[in-house]
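First up is the structure itself, then whatever we jot down about it.
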Amino acid sequence: MRQISSISSLLILLVCTLFFVSTGFSQDAKAGEKIFKANCGACHAWDKKVSGPALQGVVDRVQPGSYGDVDGWLKAWIKDNAKVRASGDAYGNQVYNANAGLAMNAFGFLSDAQLTDLVAFLHAGPAPKVAEPGAPAAGTTEGVASEDDGDSDLWMILIVIGIATLIIVIFSGVNRSMKNVINQKQGAEIEESSSVWSAIGTWMKSHKKLSSIIGLIVVLTLAKIGWDAALGIGVYQDYAPKQPIAFPHDLHAGKNEIDCKYCHSSARISKTSGIPSANVCMNCHKAVQEGSRSGKTEINKLYAYIGWNPDSMKYTTPDGKMRTDTAIEWVKVHNLPDFVYFNHSQHVEVGKVACQKCHGEVEKMAEVKQFSELTMGWCVNCHRETEVNFAGNDYYLKIHEDAKKEFKHKKDFKFTVDKIGGLECAKCHY
Ligand code: HEC
Ligand code: HEC
Ligand code: HEC
Ligand code: HEC
Ligand code: HEC
Ligand code: HEC
């Protein structure tokens, strides 16, 4: 009997160890995949050429030259590929020439740990796709960060718990029937078959140490998942993600006084404000090839995305047109939950609310950040305080006259947004 129960303990330990070895093992590559998606995905795919080469098998084709080993070469290349090429590295120059002299940008801001993760990812390749219910719809820009990893960890834990339970139940069943055989021989009472829970209970009682260790591990892991999830929801004020091109609002909307709506033209007519496409940038950047802050570096990234050669003033594509397969993946700064309806034109066109009231002085920001809380309280407070702008709007004028009659006993009557239904749940929630 002791033998059987120690076999079951061993099996459970084995399952737990396997679980942690397997998740620990893929951790670097997993983190690397995230970094890859955020920084490299616009130009590289795993199994097809985008503006950069497909990266599948790259660890086998790199010839590290003076960089010692493949990993060393990859890290140096990602950090600053121009430096690698300038050092006379044969492979680097070969890749560069094979790609029509389209330069990749430098990633000096990545830490060594991040580079290690990235290289681990280049070895391992993308994790197999599990169902992704929360994935952003096609065509939308990538959200804050993909939160799917928490889910897969949770599934692993559930599976481990399931297997462990099964083992306990099976072995306590075997255990019991063996006891019963002996009991029968000795003429003692036969044990009833017990439920799953009491089987677990009995097992835990006879394996106090092991079950407290397992319990602790499960609790800690669940706590970590909970913590990660808690950080993922709620308020993102001041959120200013790193963008694929360091697009400076202060130089465009501030110093050069370009109107917000020149680029965010759909704010006038539609629900969203939208981010301008590269066409809009090229209205000016065919001619403007240098900025006062970053020189040619950042504008060259724009050219790399769309395949423009500033020297020949031509697109490098075979048909001589702008590349369309490499959309610039701007990281969305503002993210209201899907269950909230917010309409820009309602506020900007109808309500005459200035962009800056909600977004702050964007024309002074080198990097846009989220200025307002974007909570329900923020919306509602403004609706309570802001008077409806009804000048030139017959529809509101009529409502206003009616309201004045209804509230005429109130001296300080203000025709604020809440009076036209700005606090009704259904106006903001579908
Ligand atoms: C703006 C587009 C762009 C971005 C962003 C970009 N790359 Fe590249 N990458 C290229 C191009 C183009 C090449 C081809 C070499 C050249 O022309 O310099 C290349 C080459 C490479 C190579 C060598 C490929 C081979 O076939 O040997 C590796 C490895 C690589 N990139 C990794 C990365 C990683 C990792 C990132 C993100 C940290 C990244 N790249 C981001 C455009 C890009
Ligand atoms: C020359 C074009 C251009 C002009 C002019 C411009 N923007 Fe932008 N705006 C962009 C681009 C490109 C992005 C995406 C990159 C980024 O977030 O920095 C952006 C992003 C934003 C965002 C963040 C969107 C998000 O992801 O949630 C806000 C808010 C914004 N702009 C407001 C303004 C305001 C207000 C003005 C006028 C003061 C303005 N912009 C002028 C091009 C422009
Ligand atoms: C009443 C407040 C308010 C005003 C005024 C306002 N915005 Fe926004 N803006 C928001 C909110 C809230 C979001 C987030 C929307 C979402 O995530 O669905 C947003 C998102 C954006 C985005 C991100 C892209 C998008 O459409 O989701 C851009 C760009 C933007 N605003 C630009 C502008 C510009 C330019 C103006 C002025 C013409 C302006 N906004 C005026 C509240 C406002
Ligand atoms: C209406 C003209 C115009 C449009 C449209 C425009 N830009 Fe610019 N951009 C400029 C001018 C002018 C400068 C130089 C500003 C300076 O340095 O004073 C500049 C500078 C830049 C710089 C370099 C700033 C630095 O760091 O020195 C980048 C990057 C840039 N633009 C990206 C973009 C992108 C991306 C778009 C499209 C979303 C865009 N621009 C649209 C006029 C424009
Ligand atoms: C800076 C003040 C301000 C903020 C912040 C603000 N709003 Fe508004 N909102 C207005 C004004 C002003 C109007 C009235 C526009 C008009 O004249 O129809 C309005 C109208 C609306 C309406 C139409 C109401 C109706 O009865 O027709 C909706 C829906 C709405 N806002 C949603 C939101 C949501 C969602 C948020 C937060 C994400 C928000 N608003 C944040 C000022 C604001
Ligand atoms: C003016 C717009 C507006 C109105 C009116 C409004 N909400 Fe909201 N509501 C929001 C926004 C924006 C959020 C998202 C807040 C966030 O993400 O922090 C939200 C979030 C919520 C949530 C999710 C809770 C949370 O903290 O995530 C619930 C539940 C909710 N609203 C219920 C209601 C009910 C019930 C009403 C009517 C009494 C109502 N809302 C009226 C804008 C509004």
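The values are calculated or read from the model by the stated rules, or taken from the named source; none is laboratory data. Here the structure is a predicted model, which means the values were calculated and not measured. Glycine gets a Cβ as well: all are built from the backbone with ideal geometry, and neighbour counts include every protein chain shown. Side chains are part of the model used for accessible areas, which takes the heavy atoms of the whole protein and leaves out ligands, DNA and RNA. Shrake-Rupley method; radii C 1.70, N 1.55, O 1.52, S 1.80 Å.
Calculate the spin-label point distance for Ile258 paired with Leu423, positioning each point 7 Å from the Cα along the beta-carbon direction, and give it in nanometres.
A separation of 4.2 nm, rounded to one decimal place.
Distance in nm between label sites at Thr202 and Asp311, each 7 Å beyond Cα in the beta-carbon direction?
8.2
Taking a point 7 angstrom from the Cα of Ala106 along the C-beta vector, which residues in region 77-97 have backbone N less than 15 Å away?
Flagged as within label range: 77-88.
What's the local net charge at Asp325, with K and R +1, D and E -1, over the other residues with C-beta under 13 Å away? Before the final figure, lay out each step's value.
Working: positive: Lys48, Lys49, Lys321, Arg323; negative: Asp319, Glu329.
Summing Lys and Arg as +1 and Asp and Glu as -1 gives +2.
Considering only Cα-Cα distances, which of the following residue pairs are longer than 29 Å: Lys242/Lys296; Lys332/Lys398; Lys321/Lys369; Lys49/Lys224? Could the numbers behind the result be given before it?
Working: Lys242/Lys296 19 Å; Lys332/Lys398 39 Å; Lys321/Lys369 34 Å; Lys49/Lys224 38 Å.
Distance filter (> 29 Å) returns Lys332/Lys398; Lys321/Lys369; Lys49/Lys224.
Could you list the trypsin sites (Lys or Arg not before Pro) in region 271-325 that lie in coil according to DSSP, counting only those with at most 16 other Cβ atoms within 10 Å of their Cβ?
Numbers: sites: Lys271, Lys286, Arg293, Lys296, Lys301, Lys314, Lys321, Arg323; in loops: Lys271, Lys286, Arg293, Lys296, Lys321, Arg323.
In loop regions of region 271-325 (DSSP not H, G, I, E or B), the sparsely surrounded trypsin sites (Lys or Arg not before Pro) are Lys271, Lys286, Arg293, Lys296, Lys321.
Would you mind getting the accessible area per residue of region 288-430, heavy atoms of the protein chains only, 1.4 Å probe, in Å²? Mind dumping the intermediate values first?
Details: 9430 Å² over 143 residues.
Result: 66 Å² per residue.
What FRET efficiency, computed as 1/(1 + (r/R0)^6) with R0 = 51 Å and r the Cβ-Cβ distance, is obtained for Ser177 and Ser66, rounded to the nearest 0.05?
Numbers: r = 69 Å, r/R0 = 1.36.
Result of the calculation: an efficiency of 0.15.
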